[in-house]
Amino acid sequence: MRQPLVMGNWKMNGRRSMVESLLKVVMADIGELSGVEVAVCPPYPYVGLVMDRLAAHSTVVCGAQDVSAYADGAYTGEVSAEMARDVGCRFAIIGHSERRTLFGETDAVVAQKFARSLAADLTPVLCVGETSAERDAGRTQEVVLRQLSAVFKECGSGAFERAVVAYEPVWAIGTGRAASPEEAQAVHRFIRDVITRQNAPAAGRLRILYGGSVKAQNARELFGQDDIDGGLIGGASLVGADFVSICRAAGIG
């Protein structure tokens, strides 16, 4: 039985006041949940504040939105995986579609960041998914296979023994268009099958999240699919009540 995981990706949003008020709602209402792991991924300037507020709240943990492909050194502006772990982050989002499309991260760079996270004892959350054009061309599986294969090439068959995968169709992120539960399940099943061919025990334990316009209204049906183990939540994670409702839906399954 895989424990559901719901992660809130705040992206480049927030000020101290927003962080304080959002965490207050989340911590007050999520404490009653059981069986669901919850993480929030704030912008780096607010990681310390989040860690301070979560110190006495074992139900919610903190994650990083990104890490460097490099270890410590002369890389001005970068944040290493070791630094993120040192300040208390448990997870690191790797290869988010915005990093790939806006900042030109290649599959090889994403795989290097994945490896750095593992080495730093961070749990990498590998984001995979296709664009609208790739979907329309029937290339969803080809794209996802390529993205997974880059990580296997970098890290070997044990790559996903201590990791999470998030399927985030690029055409559904921030657009209000979510994949149907059946569409999402089909890709999640494909992801698990790909990893099974390399490492069946790891594939069975692997949590695969869905990300792409998840809302309180559609979360329960999405999370009820056999291979959807929670969500990577963007916009809805910035509204405390909505995020809590999504977390509850993961607990219901």
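Any read-out appearing in this document is the output of simple, stated calculations on the displayed coordinates, not a laboratory observation. Note that the structure is predicted; figures quoted are calculated from it, not measured. With ideal geometry, Cβ positions are generated from the backbone for all residues, glycine too; neighbour counts draw on all protein chains shown.
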Task: Footprinting exposure proxy for 149, 17, 213 (fewest neighbouring C-beta atoms within 10 Å first) - done: 17, 149, 213
Open item on the list: What distance in nm separates the two pseudo spin-label positions at residue 25 and residue 74, each 7 Å out from Cα along the beta-carbon direction?
Closed with: 4.7 nm
Open item on the list: Given the options 55, 5, 223, identify the residue whose Cα lies farthest towards the positive end of the charge dipole of the chain (+1 on Cβ of Lys, Arg; -1 on Cβ of Asp, Glu).
Closed with: 55
Open item on the list: Per 0.36 nm of contour for each residue apart, how much would the distance between residue 141 and residue 180 grow if the chain were fully extended, relative to their Cα-Cα spacing?
Closed with: 12.4 nm
Task: Over the range 73-201, volume per residue of the alpha carbon convex hull, in Å³ - done: 126 Å³
Open item on the list: How long are the semi-axes of the equivalent ellipsoid of the chain, taking √(5λ) for every eigenvalue λ of the Cα gyration tensor, in whole Å from largest down?
Closed with: 25, 22, 17
Open item on the list: If I take every Cα pair under 8 Å that is 6 or more residues apart in the range 5-252, average their sequence separation and divide by the length, what percent do I get for the relative contact order?
Closed with: 21 percent
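What does the extension gain come out to for residue 13 and residue 87, with contour length at 0.36 nm per residue minus their alpha carbon separation?
Values: separation 74, 0.36 × 74 = 26.64 nm, distance 2.01 nm.
The residue 13-residue 87 span can extend by a further 24.6 nm.
Hand me the tally of lysine pairs in the chain: alpha carbons under 22 angstrom apart, and the pair either on different chains or 8 or more positions apart. Present the calculation step by step, with values, prior to reporting the outcome.
Numbers: 11/24; 11/113; 11/215; 24/215; 113/153.
Counting lysine pairs in the chain gives 5.
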Task: Kirkwood Rh and Cα Rg combined as Rg over Rh, evaluated for the range 115-167 - done: 1.05
- [ ] Treat every Asp and Glu Cβ in the chain as -1 and every Lys and Arg Cβ as +1, leave all other atoms uncharged, and give the resulting dipole magnitude about the Cα centre to the nearest 20 debye.
- [x] 120 debye
